[in-house]
1. I'm checking my understanding of the structure. Among residues of region 194-203 that are in contact with a strand residue (DSSP E or B) (Cβ under 6 Å, 6 or more places away or on another chain) and part of a strand (DSSP E or B), which one is farthest from the ligand (Cβ to nearest atom)?
2. Could you check region 160-180 and list, in sequence order, the residues that are surrounded by 20 or more Cβ atoms within 10 Å (Cβ to Cβ) and either under 19 Å from GLU229 (Cα atoms) or at pLDDT below 95 (or both)?
3. Evaluate the following for THR291: is it polar (S, T, N, Q) and in contact with a strand residue (DSSP E or B) (Cβ under 8 Å, 6 or more places away or on another chain)?
4. Checking LEU108 against (1) of a type in the set (A, V, I, L, M); (2) loosely packed, with under 15 Cβ neighbours inside 10 Å; (3) touching a strand residue (DSSP E or B) at 6+ places or on another chain (Cβ under 8 Å), which test does it fail?
5. If GLY120 passes every condition in (1) among the small types (Gly, Ala, Ser); (2) out of contact with any Leu (no Cβ under 8 Å at 6 or more places or on another chain); (3) more than 21 Å from LEU208 (Cβ to Cβ) but one, which one does it miss?
6. Test each condition in (1) within 15 Å of the ligand (Cβ to nearest atom); (2) of a type in the set (Val, Ile, Thr); (3) in contact with a Phe, Trp or Tyr (Cβ under 6 Å, 6 or more places away or on another chain) for ILE69 and report the one that comes out false.
7. Against the condition within 16 Å of the ligand (Cβ to nearest atom) and within 19 Å of ARG283 (Cα to Cα), how does GLY30 come out, does it pass?
8. Of a type in the set (A, V, I, L, M), within 16 Å of the ligand (Cβ to nearest atom) and within 27 Å of ILE215 (Cα to Cα): does that describe ALA98?
Amino acid sequence: MSDRVMWFNGACVPWEDARVHVWDELALRGANVFEGITAFWNADGQRHEVLACDAHLDRLYHSARIADIPAPPRAEVVAALTEVAAQLGGSDIYLRPAFYAKRGRSTLAPDSEGAMYIGGFPFRPSTPPAVRAIVSGHRRFGGPIGAQAKSGGSYLDFRVFERERVEHGVEHVFFLNDRGHVAEADGAAILLVRDRRVITPSVDSGVLDSITKRIVLDLARGLGHQVEERPVLRDELYGAQVVLAGTLLGLRTVHTVDGHAAEDTGGAETAATLTGEYDRLCRGENPLAPTYLAPLR
Ligand SMILES: Cc1ncc(COP(=O)(O)O)c(C=O)c1O
């Protein structure tokens, strides 16, 4: 079985053969939208169970509408994802479909033309022994595309945060929005756990509406926790157990933010319970699993 698979121009191709032209809108202006989707191997059923597939595909099309990128029919995307999953074989996998513009500065251009590619590889999440985070010195301002779209062009911002991350020798950089409130991390939503409360920046804080976060909030409500979606102040990060939530990361407990160790507010225990339940859900072992896991269709 191949380690990584690429679907491009209608079929799975050798990874190196998925080439685009430098003058394609994809390269010229970063005109693409994408998703990251995980699928867990169900050995009993001999099939992949995809986590929140509909939500990811809905968001992909929503991103395409926001960023004005041509989108192929949904059945074509599902068929291509199924082909990539089959090529990857019987393991947990990560699928990254992308729609992009080849030609046309908008979909209204007479020569507008789009295409799709899907990269896929085995999903083997790892947890670093210490998870340290800093708050970036830069704020992230929303343009017309904003944080709700997963678009290549707007993700250029993350190069700046990544440089900061490496320079400071930490695992994550959090960034603030234009109002100075907590937004998110690169590739993950931020959750704060205090006592039995789970707090997360509201969608109007300039964040992607993380699907992993939605699942965790659902789990938290089911466990009787109070959930608060609201603007979050920077200093609140220093008095709570911070947990990151993202498709690729899963749930990851953060040990320090700007050098402040997570306070013992009872949050650590709740964070551990939520992480355990999220992992069980991915394996089909939590009562909410049927709501979120389904074969590709
Ligand atoms: C900027 C950003 N925020 C949050 C997330 C987490 O979102 P999700 O849980 O839907 O993967 C991601 C990853 O997709 C992301 O890129």
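The values are calculated or read from the model by the stated rules, or taken from the named source; none is laboratory data. Note that the structure is a prediction, hence the values are computed from the model and not measured. Positions of Cβ are generated from backbone atoms using ideal geometry, with glycine treated the same way; all protein chains shown enter the neighbour counts.
1. Here the residue is ARG197.
2. PHE174, PHE175, LEU176, ASN177
3. It is false that THR291 is polar (S, T, N, Q) and in contact with a strand residue (DSSP E or B) (Cβ under 8 Å, 6 or more places away or on another chain).
4. Looking at each condition in turn, LEU108 falls short on (3).
5. For GLY120, the exception is condition (2).
6. It fails just one condition, (1).
7. So GLY30 does not fit the description; no.
8. Spelling it out, ALA98 is indeed of a type in the set (A, V, I, L, M), within 16 Å of the ligand (Cβ to nearest atom) and within 27 Å of ILE215 (Cα to Cα).
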